[in-house]
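The values are calculated or read from the model by the stated rules, or taken from the named source; none is laboratory data. Predicted, not measured: the structure shown is a model, and the values here were computed from it. Heads up, the Cβs are rebuilt from the backbone with ideal geometry, glycines too, and the neighbour counts pull from every protein chain shown. Note: accessible area is taken over every heavy atom of the protein model, side chains too, but ligands, DNA and RNA are not part of it. Shrake-Rupley method; radii C 1.70, N 1.55, O 1.52, S 1.80 Å.
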Amino acid sequence: MNGEELKMYHDGDETLAAAGEESTKVQGEEKKYVAALINNAMELQQNPIRYYQKYDKNLPNEFDVTEKDKEYVLTFNGDKDKKQKIVAGDAKAYYKITNQGSDTAVDLDQIKGKDFSLVVTIDKETKQIKKVVKNQSYSVKMDGKTENSKSKQTYTYTYNQLDNVTKPRVEEKAAAASKDSSTETPSKEKQAAYAKEAGQYVDALIQATVYQNTDQFVAKHPNQQDKKQVKEKGEFQKSSFVEFFETNFKGALSSLSSNITDEQLNEVSSAFLKALSSTKYKIKDAAYSDEDDAYVVQVEIQGFNDASVLAEVMTPLAEKYQAGELSNEQLVNELINGVAKRYREPVELLPAKTVPVHVVRNGEQDYEVLMQDEYLLTFAQQS
């Protein structure tokens, strides 16, 4: 790209790649593996330690911790064998995706890890990640030739500060060229089979996230050949769901208090899961959409009004706070206790609502949901 920065725009309807002044619409099979790469990158950035734990289960215990004035610096201290195992595992996951969109496939069995380093900087006060620096190197064999790869990536984190996102413009000529270069749409028979599997995957994903049930994730997942790998993915989805909830909940209160404990977050998240456990859903239909270039699964959901539940607790506390009867810390503590208590009480289910969930294939019997909020925001509705 001649040193130009590559930006990806993805909104569930379409995926665009922008470099300098040029933008290209990503379509067909290419869109599916690009979406999978985006999801993979998001998993890494959300929690790099949990991400790499897929390749080394003991990884959270393999860090040297250095304390600075306002930061904790975690440096991975695994031995050479573990570093090579992590790099090889991550590279195989990457090429498993990119092999789908390339005429020249990489031999996954010939990927050799060489070196790996990971440094995570955490803010002392907020306990949130500030910066991640990772280096890795490995070799791959392509068309009988060995090629070496070496990279360094740095991620800097900001919270509650979102820049305006502008959708790139795609010239008609570029869009047409992209469309012409995309691979053919699967046959009607394959579309029907893939749509059925996509529905099974959404069913499994809801079990792992909303209901925290990895056994049902494995049982409902379309891939029944590699249950060990499927279970690992289910465990990741299960824990990530809770982690995202706790991070968002803490972030919403960060302007009031920086002393929210893990115990308080665990109390709220477990109570929230209790409320979710009373919801209901049903997979209604699944079909390939030419317009969306994805499999669209229709899910009927009976959720609850989360915004109303929170308002029951927050409204009287806000009045006391405005009257000067509560300090910031008292407000946060009472809010957390009140919300946890209310979530554990019965919640009224709303009338059933059917929502579309967009799914892309990520290899044989492997799928990705582009935006989990497509179903999550109907289980716990915000209006």
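Distance between the 7 Å Cα→Cβ label points at LYS196 and LYS227: 2.1 nm. Between the amide H of ASN362 and those of TYR367, GLU368, distances stay under 5 Å, these residues lying 5 or more places away or on another chain, with hydrogens modeled in the peptide plane. Entry comment: accessible area of segment 268-331 is 49 Å² per residue, from protein heavy atoms only and a probe of 1.4 Å. Ordered by solvent-accessible area of protein heavy atoms (1.4 Å probe), largest first, the residues THR214, THR126 come out as THR126, THR214. Note that segment 312-323 has calculated 3J(HN,Hα) couplings of 4, 8, 6, 4, x, 5, 4, 5, 5, 5, 5, 7 Hz, one per residue in order, obtained from phi through the Karplus relation 6.51 cos²θ - 1.76 cosθ + 1.60 (θ = phi - 60°); glycine and proline are x.
Between SER151 and THR261, the modelled label-to-label distance comes to 4.1 nm, taking each label 7 Å out from Cα in the direction of the beta carbon. Our estimate of slack between LEU273 and GLN302, defined as 0.36 nm per intervening residue step minus the Cα-Cα distance, is 8.9 nm. Based on the Kirkwood approach, the hydrodynamic radius assigned to segment 282-364 is 16.2 Å, with every pair of different Cα atoms included.
I'd like the FRET efficiency for LYS80 and GLU235, computed as 1/(1 + (r/R0)^6) with the beta carbon distance as r and R0 of 35 Å, rounded to 0.05.
0.80
For the residue pair ASP69 and GLN322, what label-to-label distance in nm results when each label sits 7 Å from Cα along the Cα-to-beta-carbon direction? Those two pseudo-labels are separated by 4.0 nm. For the listed residue pairs LYS233/LYS280; LYS68/LYS92; LYS320/LYS353; LYS145/LYS228, the alpha carbons are over 29 angstrom apart in LYS68/LYS92; LYS320/LYS353; LYS145/LYS228.
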